[in-house]
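Working notes for the structure below.
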Amino acid sequence: MDNDPLVSFLSHLQHEKRCSPHTVKAYEGDLIEFRDFLSVQYQLDSLLDAQFQFIRSWIAAMMDDGKNPRSINRKITALRTFYRFQVGEGAIKINPALKVTGPKISKRLPAFVDETGMEQLHRPGFIEESENDEFDGMTVRLIIELLYATGMRLAELISLKIEDVNLAAGTLKVLGKRSKERIIPFPKEAGDLIRNYIAARKNIVQEIPDSESEILLIRSNGRKTGRTFVYTKVKQYLSLVTTIDKKSPHVLRHTFATHMLNNGADLNAIKELLGHANLSATQVYTHNTVDKLKAIYHKAHPRA
């Protein structure tokens, strides 16, 4: 229904706010979950009939079920955003989610791979020799190289186009969250990999559908690389070089930022490279730097 408040809100996220499909889907799931709660607990059919007490009751129920505090807070954010939109549309007068506070979250430092592990991962042939298909091996090698060399997000990586690569300048044009563009430099080694990859890619280009012909990273079957393929391969190879619990593409983003900071990069520069909207999101990496400084101090100072 066109007058469904949920449908109009999701359309607003997609077309006006230009949120990613992943974000829109997450908001939709959270709001449908709350709508179902209202229906069962309060016999209400519309999200617009919710009061702040009902939201608090939902939060309490989720905490009783042992839901992760981060997940709960994300759902609260979804409600606040939804009701703020409805206030702006004149559908309701007061945002009922404004009076709601979520559970406290213990600060979790970003997991990252140490420099020794990354050096091992970048040893020539380490990845290529493990893959059955030569071209897929090149693809996996480039995936890991780009994630670590640029700190880009998974969604940014798999949507990267050939035209976004400037080999002469050694830069990539990345389309980040909310369609915000940024330019990221890459080292010579990454440039050599990209150049060789594009040359090899031409041998299978006739197999690629028109809609995917400009995507940089493809499989040997001509299809673009998907999220699952990237996740699986990154986890596979990180498992060989690190013992950290979480092994995902985002860990390589954390690794990029941590290594940059540990080697003297300015925090504001890292913020711009990561595409963070504000500095507070980047400052979490300073904790890892302080830990390293403490370790150096205790190892080197005579009285430590």
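Summary of values
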| item | result |
| --- | --- |
| Candidate set: segment 170-214, residues that are surrounded by 12 or more Cβ atoms within 10 Å (Cβ to Cβ), farther than 24 Å from Leu121 by Cβ and of a type in the set (Gly, Ala, Ser); chosen: the one modelled with the highest pLDDT | Gly176 |
| Residues of segment 1-26 satisfying the condition of being of a type outside the set (S, T, N, Q), over 19 Å from Gln51 (Cα atoms) and assigned to a helix (DSSP H, G or I) | Val7, Leu10, His12, Leu13, His15, Glu16, Pro21, His22, Val24, Lys25, Ala26 |
| Selection status of Asp30, modelled with pLDDT of 95 or more, of a type outside the set (Lys, Arg) and closer than 25 Å to Arg227 by Cα | yes |
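The values are calculated or read from the model by the stated rules, or taken from the named source; none is laboratory data. Everything numeric here is computed off the predicted structure, so don't read it as measured data. Cβ sites come from the backbone with ideal geometry, for glycine too, and all protein chains shown count toward neighbours.
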